[in-house]
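Scroll down for the structure; my scribbles are underneath it.
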Amino acid sequence: MNKLFKSPRKLLSYTLLITATIMALGVILVAFFGFNKSYQFGGYYEINIDYLDMEKKDEYINGIDEILNKYGYTVDHYTMEGEKSFTPTLCVRYESNSEDDAKNIKTDIISKFNIDEKSTLLSVDKMSSTYASHKIANLLIPMSILLVGLFAFGWFRRNILYGVAEVIAYLSTILVGLSLYALTRTMISLSSLSLLFISALLSALIFTYFSVNAFSKKNTIHSEKKELSDLFCDTLSANKFITILPASAILAVFAGLIFTFNHSLMHLGLAGIICICSIVWTSIFVTGSYFVSVVNAESKREKKVLSRNNTINNEK
Amino acid sequence: MNNYSKTKSTIIFIIFGLIFAIGTILSFVPMRFGSKDYESFLGAMALSNDCTDTVSAIYKYTEDENTDVNRAIDLMGKSLEGKFGKNSVNVYKLSDNRIRVDVSKPVTASGESEIEEYLAGFTSGRLKITNNSSGTANIEENKNLLEIDGWKDIESVSTKTYKGSYGIEVAFTKSGKNTFGMMIGGNAYIYVNNKAFPSDNYNKVELTSEATTFTIWFSSNEYIEYYKNTFESGMIPLHLDSETVEFIYTKANPTALTYISIAISLIVLALYVYAIVKFRVPAIMYVVLSNISTYLLLFLLQAMPWTELGIVSIITLGLMKMVEFILFATIQKRVKEEYMLGKSIETSFEDANKRTLSVILDVLTVCLLGGLSFAIAGKFELVTIGTTLALSAFFSGMVLLLGVKYLNNCYYAFNSTDASFYALPERTEGEINE
């Protein structure tokens, strides 16, 4: 780690290059294919069918799958409710934006399973994205307030550069995380987005922790002559274990979700792993190298001014 | 550094130990505080995540000109939430003129039959007031007795106040042998949708002279909302068929979030064990105080009207506990560094606390900022997350900056010179390490 931070400007240029590459690839993928959005964001239709005979559950699922394939769709997700009920409900979701196809699919299901056309036992409805949009709007406002708050905190606490560093830690986690979601085709849902926004806060937190530790060491007699980059590295090395311990435990929890082989849980696990990687990358490497290189440049400028003043005084 | 006497320190340790023990018991045992159900830690994890057994009812209804399904769902939901808690109830429309109600069995419910009886009440009638507990009307020619004959339809419900008392006025259809008068609370039995409201919570019931409204008077507004919702549910604009109600009993089915919150709780426990093994006596103080602050936080989250204790708050709390652990470990590492510079144990602790003050304050300020942003500007679950973050940051600050230091001072009264109790390395006389 000391070697990496020996020349922080070089490290910064490498980390920015890698980060920019990830974001660029993410943008290209989103431009062509969009995000892998969950049904919460719309673009899905939901088929609800109440059936009387429990034995026919598989017949209904396979039959609906066949009908959807005929129109070029596939079953994205299905659930069953009320299995002990008099009439359990099968709920099937498929990705589509076509109202005409939905009507045709409903007609085909009616004829295939001999359902009464006027019956209310079958519905094919478009899933609204209003709920998800509303929730995202609810999330954006506090996140924006937090962004301003972090900048103000950093500025008043130390200087404007520190405030900028806090903002970089926060924003870059979100951008890198979204790009990795796009690259890995991780499903974007309200849960994965909430996880990402919480990770952004944790990223700012971790950067604050390591940087303030370095500053507090600089204020001691034994380390006041050390460069901040060295102190930052020393802090990273000294506190490595106590930060890795809980982080790796949480990583193991998310990795465990992948092995449940459940569609939504796997995507949630993947989202969690991406968030942890984003936190580590942005808080330590991107923001750390930015802040250390800026502070070192400032201190070099100060030293130059001091030595020039000394030279002038000596000449006098 | 102030050292306390052994007696004083012993008393302080006993007090904190008792608080810790009581809090630990409350973590596993739910209880009722007045009108509130206070969930245990495990109960909180079970809430709204299918970890409780569920009683469901499916009602069939027939439509007429007064049918308003959405309003009916709203009223039924409010009535059930008032009885069983917000997180425990789900009401929604099914196809074929059916409504489904799911009630997760709350900890204070006596059993599934209590829930079933309440659910059945939606179909079996509207309003009845009698002067005996058997539920039959008993008409007497005594103007101090209030009598309403048979079942009536509720037309409107409103609240009012009069000289420090709180009342709910219910208007109903006039018919039959109603008489006017007043009844002292102990003699009035009100039935709404076949569910009895005995007189424990109200002072009196009075009927107007026109015999079209009655008012229930309470000495406090504690039960107003609950009774109002229940009476309004008697106005459900939906004819539910009592013959075809179907009850379904579903066993607990934990979701992914449940497992994540259990995992995070176990991780925090493991960190506590690691801290005690690594840092010994100061870590024991820290673990006790951290747990006491957790119990206090769980209590506050349930007491506050804008927060709901559930999986989301448990996960947020777990993450904050990990941050707290990292800060505590940082202090202890600093103590070791100061000690190896040749300082005494007390001076090492003092200087370490001073030097790590900025780290703790800055980290917890960032948490507080995040918490306040979510709590003030967010909605629904974000308010709970924000409140949990902000309160955790505050309590962590108290634990790390004041609590651990205070208890360490108490411990010095018993043994202040043996470095092994503080997990500090052996140091020969005059040795200094840089």
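A residue that is out of contact with any Pro (no Cβ under 6 Å at 6 or more places or on another chain) and facing chain B (nearest Cβ under 10 Å) occurs somewhere in region A:272-287.
Specify which of the listed residues (A:S289, A:S307) is open to solvent by less than 30 Å² (accessible area, probe 1.4 Å) and of a type outside the set (F, W, Y). Every option except A:S289 fails the conditions. The residues of region B:64-78 that are loosely packed, with under 14 Cβ neighbours inside 10 Å and either of a type in the set (V, I, T) or at pLDDT below 80 (or both), listed by number, are B:D64, B:E65, B:N66, B:D68.
Going by what's in this entry, would B:L368 be described as open to solvent by 40 Å² or more (accessible area, probe 1.4 Å) and either at the interface with another protein chain (Cβ under 9 Å from one of its Cβ atoms) or in contact (Cβ under 8 Å) with a residue 40 or more places away in the chain (or both)? When the stated conditions are applied, B:L368 does not pass them.
Yes or no, residue by residue, for (1) modelled with pLDDT of 80 or more; (2) at the interface with chain A (Cβ under 10 Å from one of its Cβ atoms):
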site: B:M340; (1), (2): yes, no
site: B:F349; (1), (2): yes, no
site: B:V363; (1), (2): yes, yes
site: B:G378; (1), (2): no, yes
site: B:L407; (1), (2): no, no
site: B:Y412; (1), (2): no, no
site: B:N415; (1), (2): no, no
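Evaluation of B:K336 against the conditions (1) of a type in the set (K, R); (2) at pLDDT below 85; (3) in contact with a Leu (Cβ under 7 Å, 6 or more places away or on another chain) shows that the sole unmet condition is (2).
If the condition is being within 8 Å of chain B (Cβ to nearest Cβ), under 15 Å from A:Y170 (Cα atoms) and not aliphatic (A, V, I, L, M), then region A:137-159 contributes A:P142, A:G149, A:F153. Considered as a group, the residues in region B:376-394 that are open to solvent by less than 30 Å² (accessible area, probe 1.4 Å) and touching a residue at least 60 places away in the same chain (Cβ under 8 Å) include one that is nearest to A:T208 (Cα to Cα), and that residue is B:A393.
In a residue-by-residue description of region A:174-191, the property of being under 22 Å from the mean Cα position of the chain (by Cα), buried (at least 20 other Cβ atoms within 10 Å of the Cβ) and within 30 Å of B:Y274 (Cβ to Cβ) applies to at least one position.
Each row is one residue, and each column tells you yes or no for (1) farther than 16 Å from A:G288 by Cα; (2) of a type outside the set (A, V, I, L, M, F, W, C); (3) within 12 Å of chain B (Cβ to nearest Cβ).
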{"site": "A:E166", "(1), (2), (3)": "no, yes, yes"}
{"site": "A:I174", "(1), (2), (3)": "yes, no, no"}
{"site": "A:Y181", "(1), (2), (3)": "yes, yes, no"}
{"site": "A:T184", "(1), (2), (3)": "yes, yes, no"}
{"site": "A:I188", "(1), (2), (3)": "yes, no, no"}
{"site": "A:I198", "(1), (2), (3)": "yes, no, yes"}
{"site": "A:T235", "(1), (2), (3)": "no, yes, yes"}
{"site": "A:I242", "(1), (2), (3)": "yes, no, yes"}
{"site": "A:L245", "(1), (2), (3)": "yes, no, yes"}
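Restricting attention to region A:293-316, the residues that are of a type in the set (A, V, I, L, M) and not in a helix (DSSP H, G or I) add up to 0.
Summed over region B:246-295, the residues that are away from chain A (no Cβ under 14 Å), open to solvent by 40 Å² or more (accessible area, probe 1.4 Å), assigned to a helix (DSSP H, G or I) and modelled with pLDDT under 85 give a count of 1.
Looking only at region B:413-422, residues that are open to solvent by 10 Å² or more (accessible area, probe 1.4 Å) and part of a helix (DSSP H, G or I) come to 3 in all. In region A:1-97, counting only helices (runs of 4 or more DSSP H) that sit wholly within it, the ones holding 2 or more residues that are at pLDDT 85 or above span A:8-33, A:57-70.
Looking only at region B:296-340, residues that are of a type in the set (D, E) and open to solvent by 20 Å² or more (accessible area, probe 1.4 Å) come to 2 in all.
The values are calculated or read from the model by the stated rules, or taken from the named source; none is laboratory data. What you see is a predicted model, and the numbers here were worked out from it, not measured in a lab. Quick reminder, even Gly has a Cβ in these numbers, built from the backbone with ideal geometry, and neighbours come from all protein chains shown. Heavy atoms of the whole protein, side chains included, go into the accessibility calculation; ligands, DNA and RNA do not. Shrake-Rupley method; radii C 1.70, N 1.55, O 1.52, S 1.80 Å.
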